[in-house]
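So the structure is just underneath, and the comments pick up after that.
The values are calculated or read from the model by the stated rules, or taken from the named source; none is laboratory data. Every value quoted in this text rests on a predicted model; they were computed, and no experiment measured them. Cβ sites come from the backbone with ideal geometry, for glycine too, and all protein chains shown count toward neighbours. Heavy atoms of the whole protein, side chains included, go into the accessibility calculation; ligands, DNA and RNA do not. Shrake-Rupley method; radii C 1.70, N 1.55, O 1.52, S 1.80 Å.
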Amino acid sequence: MSSPLPAGSIDLHAHSSVSDGTETPAELVRAASVAGLGTIALTDHDSTAGWAEAALEARAQGLALIPGMELSTRVERASVHLLGYLMDPEHPGLVAETARIRAGRRDRAESIVRRLAVDYDLSWDDVLEQTVPGGTVGRPHIADALVARGFVATRSIAFETILHWRGGYFQPHYAPDPLTGVRLVRAAGGVPVLAHPGTGGRGRVIGEAHLAELVDAGLFGLEIDHRENTRDGKERLHELARRFGLAVTGSSDYHGAGKPNRLGENTTSAEVTERILDLATGSAPILP
Ligand code: AMP
Ligand code: FE
Ligand code: FE
Ligand code: ZN
């Protein structure tokens, strides 16, 4: 059977201004087209609010769009990101859990800003100015507010200093555990892939017993080709993917001007992408 996907590379992880990307969903799709991609997945943190706008623009550009999400989960103080593709965006469990995470993120951001305000002239309104209404709030928006106020030069420098988890102001936000996340994505008809699981440091490669549990719950793949996975991490992840029969994906994790990651810098094969389309039952991709 011929592929339903257009020619061009496939990037399965990108953010818009609905979360912490700097471009609107339509601008992101246009940027993907300019970058020569054939297929892009929109994966905002804990939100599907950008799907409709991205779909309209994908149709206009003749690009394939895979609507997705990067769901926040957490193991103790370490955040574990779970990509989900083609879920039913109206699945009640998913809607309730993502609303809870977004509210928790907002409370946590307000609390970080209260603590920052002791030492820096920074208000919650400064942070809100960096977000879109109803968007998912995170440290990137606090970073952008610190840049706007002139305390740091770039968002990345803010992450390396003031907002670093050892920077003195960090605190985690509410998020379910990864097993709950995998079950939720599957219950909503989506296809779950662990995002950048080998970044080293605090987010060390997931333990085997834990991974086995996620696989039993329906985990589909590991995002191995990602700039933040270390060389050792990638090796270990390939070994785990073989052992557990998991698919391997690659993607940019593009955030517009908010991060150095460029669209298409890592890509996923058409074969793996078609398996995602075949497995998903929650919603349909936009195909040209
Ligand atoms: P949070 O989830 O609020 O703790 O913030 C972490 C998020 O910030 C991750 O999803 C990163 O991808 C994102 N992020 C966006 N821009 C940057 C940047 N320039 N440096 C580091 N992390 C960033
Ligand atoms: Fe992000
Ligand atoms: Fe992530
Ligand atoms: Zn991401």
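For the chain, modelled as a GNM whose springs connect Cα atoms under 10 angstrom apart, the maximal fluctuation among 97, 213, 110 occurs at 213. Using C-alpha pairs under 8 Å with a sequence gap of at least 6, the mean separation divided by the residue count of region 144-209 gives a relative contact order of 11 percent. Evaluated with a Cβ-only charge set (Lys, Arg +1; Asp, Glu -1), region 106-167 carries a dipole of roughly 240 debye about its Cα centre, given to the nearest 20. Starting at 0 and stepping by 5 Å, how many percent of the alpha carbon pairs of region 196-288 end up in each bin? With 5 Å bins starting at 0, P(r) equals 3, 12, 20, 23, 20, 14, 7, 1, 0. Computed with a 1.4 Å probe on the full set of protein chains, the accessible area for residue 2 sits at about 90 Å². Placing +1 on the Cβ of every Lys and Arg and -1 on the Cβ of every Asp and Glu, with nothing else charged, gives region 61-126 a dipole about its Cα centre of roughly 220 debye.
Hydrodynamic analysis of the chain uses the Kirkwood radius over alpha carbon pairs. Inserted into Stokes-Einstein at 20 °C and 1.002 mPa s, it gives a translational diffusion coefficient of 113 µm²/s. For the chain, with all protein chains in place and a probe radius of 1.4 Å, 50% of the accessible heavy-atom surface sits on carbon or sulfur. Mind jotting down the distance between the C-alpha centroids of region 14-47 and region 189-242, whole Å? The two parts, judged by their Cα centres, are 23 Å apart.
A protection proxy built from the mean count of other Cβ atoms within 10 Å ranks the segments 54-62, 128-136, 114-122, 219-227, most packed first, as 219-227, 54-62, 128-136, 114-122. Which of 152, 171, 58 sits closest to the plus end of the dipole of the chain, meaning its Cα is farthest towards the positive end, when Lys and Arg get +1 and Asp and Glu get -1 on the C-beta? Ranked along the dipole, the leading option is 171.
Using a probe of 1.4 angstrom and keeping all protein chains present, the accessible surface of region 185-249 works out to 44 square angstrom per residue. The local environment of residue 267, defined by Cβ-Cβ distances under 13 Å, has a net charge of -4 under the rule Lys, Arg +1 and Asp, Glu -1.
Relative to the Cα centre, the charge distribution of the chain, modelled as +1 at Lys and Arg Cβ and -1 at Asp and Glu Cβ, gives a dipole magnitude of about 520 debye. The DSSP beta bridges internal to the chain are antiparallel in roughly 45% of cases. Just to check, using Stokes-Einstein with a Kirkwood Rh over alpha carbon pairs, what's the diffusion coefficient of region 106-167 at 4 °C and 1.567 mPa s in µm²/s? Translational diffusion coefficient: 114 µm²/s.
Heavy-atom accessible surface of region 106-167, averaged per residue, reaches 51 Å², computed with a 1.4 Å probe.
With the Cα gyration tensor of region 1-127 giving a ≥ b ≥ c as the square roots of its eigenvalues, does the rule (a/c under 1.5 for rounded; else a/b larger than b/c for prolate; else oblate) give rounded, prolate or oblate?
Cα axes put region 1-127 in the prolate bin.
Local charge for residue 32 was computed over the other residues whose Cβ lies under 12 Å away, with Lys and Arg +1 and Asp and Glu -1, and equals -2.
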